[in-house]
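See below for the structure under consideration.
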Amino acid sequence: MSKKVGNKMYINIEKVAKLVNDKKCDAIILFNESNMHYICSFSPSEGVIIVTKGASAYHIVDSRYTEIAQINAQKTGVKVIEIKTSFSDTAKEIIEKENIKKLLYENETISLLQYKTYTQKFSGCEFVELNHELMLLRNKKEPFEIELMKEANNIAEKSFLELLNEVKAGKTEKELASLFDYIMAKNGSEKVSFDTILLTGTHTSMPHGTPSDRKVQAGDFVLFDFGATYMGYHSDMTRTIAIGKVTDDMKKMYDAVLFANLDAMKAIRADISGKVADSVARSTLDAWGFGKYFGHGLGHGVGLEIHEAPSASPSSQYTLKEGMILTVEPGAYISGKYGVRTEDMVVVTNDGCRNL
Ligand code: GLY
Ligand code: MN
């Protein structure tokens, strides 16, 4: 699978080159790890990428990354250049060779030091600020990206079902969380999408609690929030289960959250706002009497990062568009008692959404 979809990574270079042209610039310079991954198909912790308006892409690396960059370049077509002295000196050579006079940069992720270094070094170049547009570009997924995220989600889901055989009274949260991470790796995850959240009993009232030495007990809820990564793309899913018999109040909370999740997924489609999507889930929880226990937003975009645009929340400014992938994760949490969250990842379509 990786070979088939991997060959399509060059599409992203063309999309970024189009953005450069739309902004009437000559090139874009990228430093952010996820933005670089979008072009070079892996995540270097350090490096520089320049994409020109003619869709030439240069990946400037140091020797730690030369070989892996060259391997990935075979599917993306980027030119890999190893630095001799510094990233900025090598970048300058490319700026001069390509006669770049107007250069886009990502204002959300560039560091002040990088900004100062590069504007001083490229003094003949006009720097043009790019706000949110690259993130918006990244957020509308190509079919091959959706396939990669589906694969990440399949790995996570399969691993969850495998882990369930091990979830028994007496096991600690930490023990199960680390076993979960191992099972995901065994099933093909490159790394976890984020630190696995695995909480039991009273700890489930903390939406993003940290796994502890608490042991699973009969009558507990156990909450699993987890994700795998595949070719750099993330997945995100939450499930809550009960150990043995639970109270009617707990069952009611579980049902309320599940219906909020299902109602939101029924409502999500292209051209509705993130705010409206959120309000659908919130109304369902209100109707069940749990609205006041739902403190966070309904969901967030996912892709090369675990949290990206678009958000779905009471303050979201986004309109959902075909191809966007976001989570649908209503929850209810009663401090000191218990909590429930049910989370799926969906791709927005013109007439609804598809649950990955
Ligand atoms: N599943 C982790 C998060 O949404 O932040
Ligand atoms: Mn999430």
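The values are calculated or read from the model by the stated rules, or taken from the named source; none is laboratory data. Every value quoted in this text rests on a predicted model; they were computed, and no experiment measured them. Using ideal geometry, Cβ is built from the backbone for each residue, glycine included, and neighbour counts are taken over all protein chains shown.
Within segment 121-137, residues that are surrounded by 16 or more Cβ atoms within 10 Å (Cβ to Cβ) have Cβ atoms under 7 Å from residues that are among the polar types (S, T, N, Q) in these pairs: F127/T119; L130/N107; L134/N35, counting only partners at least 6 apart in sequence or on another chain. Residues that are free of Cβ contacts under 8 Å to residues at least 24 places away in the same chain, assigned to a helix (DSSP H, G or I) and crowded, with 16+ Cβ neighbours inside 10 Å within segment 160-218 comprise E175, L179, D181, listed in sequence order.
Restricted to segment 219-252, and to residues there that are among the small types (G, A, S), part of a loop (DSSP other than H, G, I, E, B) and crowded, with 20+ Cβ neighbours inside 10 Å, the residue that is modelled with the lowest pLDDT is G232. Test E129 against the criterion of being of a type in the set (D, E) and either within 16 Å of ligand 1 (Cβ to nearest atom) or over 26 Å from V346 (Cα atoms) (or both), and give yes or no. Answer is yes for this residue.
In the set (1) more than 22 Å from L136 (Cβ to Cβ); (2) of a type in the set (A, V, I, L, M); (3) in a loop (DSSP other than H, G, I, E, B), A55 fails one condition alone, (1). Identify the single condition in (1) part of a helix (DSSP H, G or I); (2) modelled with pLDDT under 95 that I39 does not satisfy, given that it satisfies every other one. Exception for I39: condition (2). List the residue pairs whose Cβ atoms are under 6 Å apart, where the first residue sits in segment 219-236 and is farther than 25 Å from A332 by Cα and of a type in the set (F, W, Y), the second is away from ligand 1 (no atom under 16 Å from the Cβ) and modelled with pLDDT of 95 or more, and the two are 6 or more positions apart or on different chains. If the second residue must be away from ligand 1 (no atom under 16 Å from the Cβ) and modelled with pLDDT of 95 or more, the pairs left are Y230/L148; Y230/E151; Y233/L148.
Whether any residue in segment 280-297 is closer than 28 Å to H37 by Cα, within 12 Å of ligand 1 (Cβ to nearest atom) and at pLDDT 95 or above is what I want to check.
yes
Is it the case that segment 173-193 has a residue that's within 14 Å of ligand 1 (Cβ to nearest atom), at pLDDT 95 or above and within 21 Å of G301 (Cα to Cα)? Among the residues of segment 173-193, at least one is within 14 Å of ligand 1 (Cβ to nearest atom), at pLDDT 95 or above and within 21 Å of G301 (Cα to Cα), which makes the answer yes. Summed over segment 282-299, residues that are in contact with an Asp or Glu (Cβ under 7 Å, 6 or more places away or on another chain) and farther than 11 Å from P314 by Cβ total 2.
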